[in-house]
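The values are calculated or read from the model by the stated rules, or taken from the named source; none is laboratory data. Keep in mind that this is a model prediction, so the values were computed, not measured. Here Cβ is always computed from backbone atoms with ideal geometry, including for glycine, and neighbour counts include all displayed protein chains. We work out accessible area using only protein heavy atoms, side chains counted, and drop any ligands, DNA or RNA first. Shrake-Rupley method; radii C 1.70, N 1.55, O 1.52, S 1.80 Å.
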Amino acid sequence: LAKTTQPISMDSYEGQEVNITCSHNNIATNDYITWYQQFPSQGPRFIIQGYKTKVTNEVASLFIPADRKSSTLSLPRVSLSDTAVYYCLVGARGTGAGSYQLTFGKGTKLSVIP
Amino acid sequence: DTGVSQDPRHKITKRGQNVTFRCDPISEHNRLYWYRQTLGQGPEFLTYFQNEAQLEKSRLLSDRFSAERPKGSFSTLEIQRTEQGDSAMYLCASSSGGQSYEQYFGPGTRLTVT
């Protein structure tokens, strides 16, 4: 399974843009990059997914360079409610036909400071 | 639809007892996943169903764990002869399948084995 590496923790002030970078050096050609957010005592929540270049939705942007060995999640103008753990995942084929596994690492704990 | 639901939310059991958890996915989702999460770690994949077929099972999953999805709707996860190391949050997620790794997670069942 493809492995991801991301910072253990980050601090940011309210209103700033936060960029969390994840490295995935052995990503497979057809794997997608997906980011999840998790608050304490809740299940993870899907944020964004991409394959290459840039993807933007209403909450975040995802930047993926041409070699796809890393990706950066960008959260514009964070607020206190963005304090959470953020996971970068690379999809990996499972053993069954059409199946896959999601491998979560330890994630990045983002703390937003007033 | 109100999302993925799990029952019970909390379970305390004595070592050696059997426990069963239930997950009700989003109704139109044909894929259902079980994860386990311990404090400070990301969710760990356990198993995955497409409709009623169990397509993927983690090699780390003990024989004491079994999951079913008999009619392709709700799923149950049973742990036999519980051990203290089984104490964790058990998360269920569902998805509509295809290429997307967008999964919708339930609130989890917190198991404490005494």
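For the reader, a short list of remarks on this structure follows.
- Of the residues A:R45, A:R77, the single one that is open to solvent by 80 Å² or more (accessible area, probe 1.4 Å) and over 25 Å from B:Y33 (Cα atoms) is A:R77.
Results for (1) within 10 Å of the chain's Cα centre (by Cα); (2) within 11 Å of chain A (Cβ to nearest Cβ), shown as yes or no for each residue.
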| site | (1), (2) |
| --- | --- |
| B:F21 | yes, no |
| B:G40 | no, yes |
| B:A67 | yes, no |
| B:E83 | no, no |
| B:C92 | yes, yes |
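- Only one of A:Y51, A:Y36, A:Y13 that is under 26 Å from B:Q37 (Cβ atoms) and among the aromatic types (F, W, Y): A:Y36
- Top-ranked residue of the range A:4-34 - restricted to ones that are of a type in the set (S, T, N, Q) and away from chain B (no Cβ under 14 Å), ranked as least open to solvent (accessible area, probe 1.4 Å): A:S12
- Lone qualifier among B:G3, B:G16 - being away from every other protein chain (no Cβ under 14 Å), open to solvent by less than 50 Å² (accessible area, probe 1.4 Å) and either basic (K, R) or assigned to a loop (DSSP other than H, G, I, E, B) (or both): B:G16
Residues are listed down the side, and each one gets a yes or a no for (1) among the small types (G, A, S); (2) touching a Phe, Trp or Tyr at 6+ places or on another chain (Cβ under 8 Å):
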{"site": "A:V18", "(1), (2)": "no, no"}
{"site": "A:T29", "(1), (2)": "no, no"}
{"site": "A:Q38", "(1), (2)": "no, yes"}
{"site": "A:A60", "(1), (2)": "yes, yes"}
{"site": "A:S79", "(1), (2)": "yes, no"}
{"site": "A:G91", "(1), (2)": "yes, yes"}
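- Residue pairs whose Cβ atoms lie under 8 Å apart, separated by 6 or more positions or on different chains, with the first residue in the range B:61-87 and over 22 Å from B:S5 (Cα atoms) and the second surrounded by 16 or more Cβ atoms within 10 Å (Cβ to Cβ) and of a type in the set (G, A, S), are B:Q80/B:S66.
- Residues satisfying the stated conditions in the range A:1-22, i.e. part of a strand (DSSP E or B) and more than 10 Å from A:V90 (Cβ to Cβ): A:T5, A:S9, A:M10, A:D11, A:S12, A:Y13, A:V18, A:N19, A:I20, A:T21
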